[in-house]
Amino acid sequence: MEGYGNVRHIQQKGAIDLVTEFDKRSEEVILSSIQQKFPDHAILAEESGHNETISEYQWVIDPLDGTTNFAHGIPIFSVTIGLLRNNSPVVGVVYDPHRNEMFSAEAGQGATLNNRPIHVSSQADLGHAVISTGFPYDLRTNPRNNLDQFVQFQLRTQAVRHLGSAALDCTWTAMGRLDGYWEFGTKPWDVGAGALIVREAGGHVTSVDGGEDFLSNESILVSNRLLHEQMLRVLSEGSGAPLP
């Protein structure tokens, strides 16, 4: 929060992909803590990449998810840390410092927001659902840029939002602010924690084609479970999917 509204050094990682000094400082704090407590664990972090350790446990870390928002003073960003065991999420934490909202989950133990249990929404009609999405940083050159899918969902839902933070897309679905979320081009550090929080809150998580291995597929579809098949149908059938 020291840097929010006060970013001085912004670097371009890509045409529209940013990194600030606060991404790097946040990552340094997180990595130092994890390496001190769990020196034998593998780590995959957005800014520094893989460490050299081989372990059944791997931490996946995005020290500032929503950097573009953060750099422009838009109050939608988070810090997200997940722990995978044999590539399956077992612990997840997403912290929204602007709202002081701490989402967390442990496999089989449920999900919480500031230590209070949370649950996905009960919306069963896609036509009345509010969902969210994101777009890849290379959308200008990548044919799988999500623009067609965005249009098809916009025609079949109450609203489609674009938050700019995949971790918050997941956790807001877990607590019922949103009814679902999909995105192409996601990385394990983007969704490793949030996906577990959704599952532990009663939701469903797959890749956009319905597969279970969303981390390797680099795409994600999360929902309140009731809407999952309807959303998969829009993703697979496009304009051929039923309209409200």
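The values are calculated or read from the model by the stated rules, or taken from the named source; none is laboratory data. On a predicted model such as this, the values are computed, not experimentally measured, just so you know. Here the Cβ positions follow ideal geometry from the backbone for every residue, glycine too, while neighbour counts run over all protein chains shown. With ligands, DNA and RNA removed, areas are computed over all heavy atoms of the protein, side chains included. Shrake-Rupley method; radii C 1.70, N 1.55, O 1.52, S 1.80 Å.
State all residues of region 195-220 that are within 23 Å of Ser236 (Cβ to Cβ), open to solvent by less than 10 Å² (accessible area, probe 1.4 Å) and assigned to a helix (DSSP H, G or I); if no residue qualifies, say none.
Within region 195-220, Ala195, Val198, Phe214 meet the criteria.
Among what's in region 141-153 and is closer than 18 Å to Ser223 by Cα and part of a helix (DSSP H, G or I), pick the residue that is least open to solvent (accessible area, probe 1.4 Å). Working first, answer last.
Of region 141-153, the ones closer than 18 Å to Ser223 by Cα are 146, 149-150, 152-153.
Add one more test, that the residue is part of a helix (DSSP H, G or I), and what stays is 149-150, 152-153.
Details: Gln149: 49, Phe150: 59, Gln152: 37, Phe153: 0 Å².
Result: Phe153.
Would you pick out the residues in region 88-122 that are more than 16 Å from the chain's Cα centre (by Cα), of a type outside the set (Asp, Glu) and open to solvent by 60 Å² or more (accessible area, probe 1.4 Å)?
His98, Arg99, Asn100, Gly108, Gln109, Asn114, Asn115, Arg116, Pro117, His119, Ser122
Do any residues in region 124-137 that are part of a helix (DSSP H, G or I) have Cβ atoms under 6 Å from those of residues that are open to solvent by 60 Å² or more (accessible area, probe 1.4 Å), where the two are at least six apart or on different chains, and which pairs are they?
Within 6 Å, the pairs are Leu126/Gln230; Gly127/Pro244; His128/Gln158.
Test of understanding: among Thr112, Thr53, Thr68, which residue is among the polar types (S, T, N, Q) and assigned to a strand (DSSP E or B)?
Within the list Thr112, Thr53, Thr68, the selection yields Thr112.
Which of the numbered conditions does Arg85 fail, given that it passes all the others? Conditions: (1) open to solvent by 30 Å² or more (accessible area, probe 1.4 Å); (2) under 14 Å from Ile197 (Cβ atoms).
(2)
Quick one: Arg156 ticks every box in (1) part of a loop (DSSP other than H, G, I, E, B); (2) farther than 16 Å from Gln230 by Cα; (3) not hydrophobic (A, V, I, L, M, F, W, C) bar one, so which box is it?
Arg156 satisfies all of (1) part of a loop (DSSP other than H, G, I, E, B); (2) farther than 16 Å from Gln230 by Cα; (3) not hydrophobic (A, V, I, L, M, F, W, C) except (2).
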